[in-house]
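Some notes on the structure that comes next.
The values are calculated or read from the model by the stated rules, or taken from the named source; none is laboratory data. Everything numeric in this text was worked out from a predicted model, so none of it was measured. All Cβ positions, even for glycine, are placed from backbone atoms using ideal geometry, and neighbour counts span all protein chains on display.
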Amino acid sequence: MEKVYINSIGSISAQKTFDNNDFLEEITPYEDTVISAIEPNYKDFIPPAAARRMAKGIKMGVVASKIALEEAHLTDIDAIITGTGMGCVRDSEKFVTAILDNNEQFLTPTSFIQSTHNTVAGQIALGIGCKGYNFTYVHSSISFESALMDALMQLECREAENILVGGVDESGEHTNAIHKLIKHIKPEKVHSNKLLHSNTVGAVFGEGANFFVLSNNKQEFSYAQVLDVKTYNTLAKPELMAVLKAFLKENELSEADIDVLISGNNGDIDYDDYYLDLTNGPFKNTQQVYYKHLSGEFNTASAFGFWLGAKILKTQHTPSAITLNTFRANKIESILLYNQYRGKNHSFTLLRRC
């Protein structure tokens with residue numbers, strides 16, 4: 001099986017991450033229940049006439065992919081694989097609103113056409129003229145991991161050489177109102193520094209787009225090697241340790257071999273216990289970091305964690321804003337990412353320094 005490397009990254013998030021020369025040097029704090037992505041000047045990447053017709057999720061995805069492709073020194077790739085939980089949800093909301101407001105008559109199809117989940121991947125392909133494999137996974141909070149596994153299988157089997165993989169989700173006003181109603185979003189505003197100590201149900205929601213060029217070919221500018229990804233739809237808390245040990249054993253590793261644990265804590269008092277079982281258990285003496293206080297929670301937030309792991313391995317630096325404990329690894333060789341959402345869709349991802 002061929003090795004797979006992260007050769008480039010592109011990120012648009014609630015932090016200023018679209019400049020790959022920086023690594024969370026400047027943190028944007030917030031105190032809210034829903035946070036928005038910090039957007040670059042889209043005119044630098046997309047013609048203004050085209051940008052005006054694009055939904056926010058499309059613009060974020062197109063720009064993040066362009067940043068990744070430019071860093072990899074590529075103008076075309078063999079495949080585009082994206083993950084998204086809600087797709088272009090704002091256009092979906094516009095179309096449904098128009099149906100109600102116009103009594104199901106005289107509807108323009110634009111919002112419906114742009115609301116489909118594969119719109120982002122399609123726009124990226126049109127922009128670079130890629131006629132290769134193009135697939136979008138809509139698997140809730142493991143949408144990005146599903147796209148990542150597809151890319152890994154193709155690259156490990158030499159079915160492709162360079163693949164653009166990403167996760168993108170935008171925030172929709174009506175959708176967020178429903179999440180607040182069912183208490184998936186926190187009832188009170190929370191400061192980012194106090195998220196894990198909020199002791200309330202729900203999470204702070206966000207949005208973003210994170211894209212990566214994965215390849216068989218290691219370059220001098222490569223970030224990390226992707227060892228393995230595994231997902232579980234349901235996993236009871238008593239099963240977590242056994243499943244994790246089995247996952248690490250498949251990759252000839254143990255808990256002691258992990259230098260940094262990246263966990264997807266989101267401050268939900270009902271479900272953060274999954275992470276505490278790891279951080280207070282086998283990884284209590286391991287360096288730990290978290291990220292959803294910076295990015296917010298959304299279906300492909302784990303792609304931001306993947307971006308974080310790649311940056312840590314390449315720079316060998318851990319920004320103070322993401323530290324979860326006081327331990328520091330002298331040399332960071334292996335990183336484990338663990339994520340779950342509301343007790344379901346668990347994922348483990350292993351990255352190694354290259």
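List of remarks:
- For region 310-328, the candidate set comprises residues that are more than 23 Å from ALA256 (Cβ to Cβ) and polar (S, T, N, Q); within that set, the residue that is surrounded by the most Cβ atoms within 10 Å (Cβ to Cβ) is THR315.
- Strands (runs of 3 or more DSSP E) enclosed by region 130-244 - at least 2 residues per element that are buried (at least 23 other Cβ atoms within 10 Å of the Cβ), touching a Gly at 6+ places or on another chain (Cβ under 7 Å) and not acidic (Asp, Glu): 162-169, 208-215
Conditions tested, residue by residue: (1) assigned by TED's automatic domain parsing to the domain that holds LEU278; (2) under 30 Å from LYS59 (Cβ atoms); (3) in contact with a strand residue (DSSP E or B) (Cβ under 6 Å, 6 or more places away or on another chain).
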position	(1), (2), (3)
ASN193	no, yes, no
HIS197	no, no, no
GLY202	no, yes, yes
ASN210	no, yes, yes
ASP228	yes, no, yes
THR231	yes, yes, yes
LYS237	yes, no, no
LEU240	yes, no, no
LEU244	yes, no, no
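- Filter result for the condition that a residue is crowded, with 24+ Cβ neighbours inside 10 Å, touching a Phe, Trp or Tyr at 6+ places or on another chain (Cβ under 6 Å), outside any loop (DSSP other than H, G, I, E, B) and assigned by TED's automatic domain parsing to the domain that holds LEU196, over ILE81, ILE58: ILE81
- Region 264-323, residues that are under 23 Å from GLU207 (Cβ atoms), of a type in the set (Asp, Glu) and not in a loop (DSSP other than H, G, I, E, B): ASP268, GLU297
- The set of residues in region 290-309 being out of contact with any Ser or Thr (no Cβ under 6 Å at 6 or more places or on another chain) and either over 15 Å from THR349 (Cβ atoms) or surrounded by fewer than 22 Cβ atoms within 10 Å (Cβ to Cβ) (or both) consists of LYS292, LEU294, GLY296, GLU297, PHE298.
- Taking each residue of region 63-78 that is in contact (Cβ under 8 Å) with a residue 60 or more places away in the chain and looking for partners that are acidic (Asp, Glu) with beta-carbon atoms closer than 8 Å, six or more apart or interchain, yields ASP78/GLU161.
- Matching option when the condition is over 14 Å from PHE211 (Cβ atoms), free of Cβ contacts under 8 Å to residues at least 12 places away in the same chain and under 22 Å from the mean Cα position of the chain (by Cα), among MET153, MET149: MET153
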